[in-house]
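Here is the structure we will look at.
The values are calculated or read from the model by the stated rules, or taken from the named source; none is laboratory data. Every value quoted in this text rests on a predicted model; they were computed, and no experiment measured them. Note that each Cβ is placed from the backbone with ideal geometry, even for glycine, and that neighbours are counted across all protein chains shown.
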Amino acid sequence: PFGLLSELRQQTPVRYDSVRNCWDVFSYGEVQRILKDPKTFSSVRGAAGGQNLLFIDPPKHKQLRDLVNKAFTPKAIQGLVPRIEEISADLLDGVDGVDMNLVSDFATPLPVIVIAELLGTPAEDRAHFKHWSDILVESAEDESAEAYEAIMRKRMEAMQELAQYFGQLIKVRSRIPKDDLISALLAAKIDGVQLTEHEVISFCVLLLAAGNETTTNLIANGMRVLCEQPELQDELNRSPELIPGFIEETLRYYPPIIAIGRTATMDVELGSQRFKTGDQIIAWVGAANRDESVFAAPDRFDPRRMPNPHMSFGFGIHFCLGAPLARLEGKIALQMLTNRFDQFQLPDGNDLVPIRSSFVFGVKEYPISFV
Ligand code: HEM
């Protein structure tokens, strides 16, 4: 979709989409202006969005965010390195036979297991998590409305089961706390008031929903770059220190989330267009990331690009809480996979099954064979 997004950005940096009944914003400067002004461009959704970090505005947002930030600082996350390496190695060792599906055998379970452990779920429950994460990434069998509804129903059920599961775990941890994120959330106070059980559950579900599919797609998209530009494989093999830059550039070039939604809270002018209070706005990060006024040769994939101010983790107060974790998981995954590279046969681009969505960019199936 990136060619089309660039065309749109060049022709109409800000435009009204009468089919979807919302504004599209494509240029870097305007996307950034939206994301850094939560007063004018609110994240609050209707009742369906629920009350979690993503869908609240200041001041409540800051209180909740400060509370969970500690668990996600780069320093706190660094402590997870040995465990993430171990999980990655186990997943690769567990591949049966010569064929693997990068997405379902590796890139999906890795972030699910990591976040489940971080929250403090017992190891023996891991199989449930695999089951739920499989459902959450499953896609409709065909394009019919029935198939779509069936899959949405299954997803809703899985989310409800997850919420129930956390509800029970929270009861256990309230009685006997452990050194884990759930116990920390239960003990924390905002203005002297503890979070309700409901708020803790909703945060756990948010972490799973916001962190899993995105990280899966980061890993799959990075591998996709390597299969489209095989010369980069040799380069990474020769210079593994390029991997963090490679991950950053994958985020810019193939962002797992292409677009971020906001609502105007007042009448405002942007890019010579007038938005009215209540207007829906889509900030196209996938277009901003290739804006030639910010990125030289934007359609070139360059693991040495420096600086690389992509907005794939958002910008401003809602900047992705899980960014340090996602970067680390991406780095370890690519290290592990490229280490075993000469034994891999990457698919040609036609074998990749892309996810069909205008907001998510990723790969549904990614077959690899050992040679
Ligand atoms: C927020 C992307 C991984 C948790 C965001 C936002 C983006 C994003 C674009 C901002 C949304 C907005 O402004 O409305 C990504 C990408 C990821 C990733 C591309 C992987 C490559 C993770 C992980 C976690 C996580 C691993 C948790 C473990 C969150 C949370 C928020 C958030 C809690 C809300 C923060 C807030 O509203 O203050 N993410 N994310 N994300 N992300 Fe991520």
Residue list for segment 29-52, restricted to those being within 13 Å of the ligand (Cβ to nearest atom) and either in contact with a strand residue (DSSP E or B) (Cβ under 6 Å, 6 or more places away or on another chain) or modelled with pLDDT of 85 or more (or both): Val31, Gln32, Ile34, Leu35, Lys36, Asp37, Pro38, Phe41, Ser42, Ser43, Val44
Looking only at segment 172-202, and only at residues there that are of a type in the set (Val, Ile, Thr) and not in a strand (DSSP E or B), the one that is nearest to Met159 (Cα to Cα): Ile201
Can you pull out the residues in segment 73-84 that are surrounded by 14 or more Cβ atoms within 10 Å (Cβ to Cβ) and in contact with a helix residue (DSSP H, G or I) (Cβ under 6 Å, 6 or more places away or on another chain)? Ile77, Ile84
Scope segment 9-23; condition among the aliphatic types (A, V, I, L, M) and surrounded by 15 or more Cβ atoms within 10 Å (Cβ to Cβ); matching residues: Val14
Among residues belonging to segment 176-194 that are of a type in the set (Val, Ile, Thr) and within 16 Å of the ligand (Cβ to nearest atom), point out the one that is nearest to Lys60 (Cα to Cα). Ile190
Taking segment 303-315 on its own, how many of its residues are more than 16 Å from the ligand (Cβ to nearest atom) and surrounded by 18 or more Cβ atoms within 10 Å (Cβ to Cβ)? 2
Quick one: is Glu197 out of contact with any strand residue (DSSP E or B) (no Cβ under 6 Å at 6 or more places or on another chain) and more than 14 Å from the ligand (Cβ to nearest atom)? yes
When both residues are 6+ apart or on different chains and their Cβ atoms are under 8 Å apart, which pairs have a first residue that lies in segment 303-327 and is closer than 26 Å to Leu206 by Cα, and a second that is among the acidic types (Asp, Glu) and assigned to a loop (DSSP other than H, G, I, E, B)? Gly316/Asp37
For strands (runs of 3 or more DSSP E) lying entirely in segment 240-316, having 2 or more residues that are out of contact with any Pro (no Cβ under 7 Å at 6 or more places or on another chain) and closer than 28 Å to Ile355 by Cα picks out 259-264, 280-284
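Residue-by-condition table, conditions (1) more than 14 Å from the ligand (Cβ to nearest atom); (2) at pLDDT 95 or above; (3) surrounded by 14 or more Cβ atoms within 10 Å (Cβ to Cβ); (4) closer than 23 Å to Ile115 by Cβ:
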{"residue": "Thr265", "(1), (2), (3), (4)": "yes, yes, yes, no"}
{"residue": "Ser272", "(1), (2), (3), (4)": "yes, no, no, no"}
{"residue": "Ala296", "(1), (2), (3), (4)": "yes, yes, no, no"}
{"residue": "Leu325", "(1), (2), (3), (4)": "no, yes, yes, yes"}
{"residue": "Ala333", "(1), (2), (3), (4)": "no, yes, yes, yes"}
{"residue": "Arg340", "(1), (2), (3), (4)": "yes, no, no, no"}
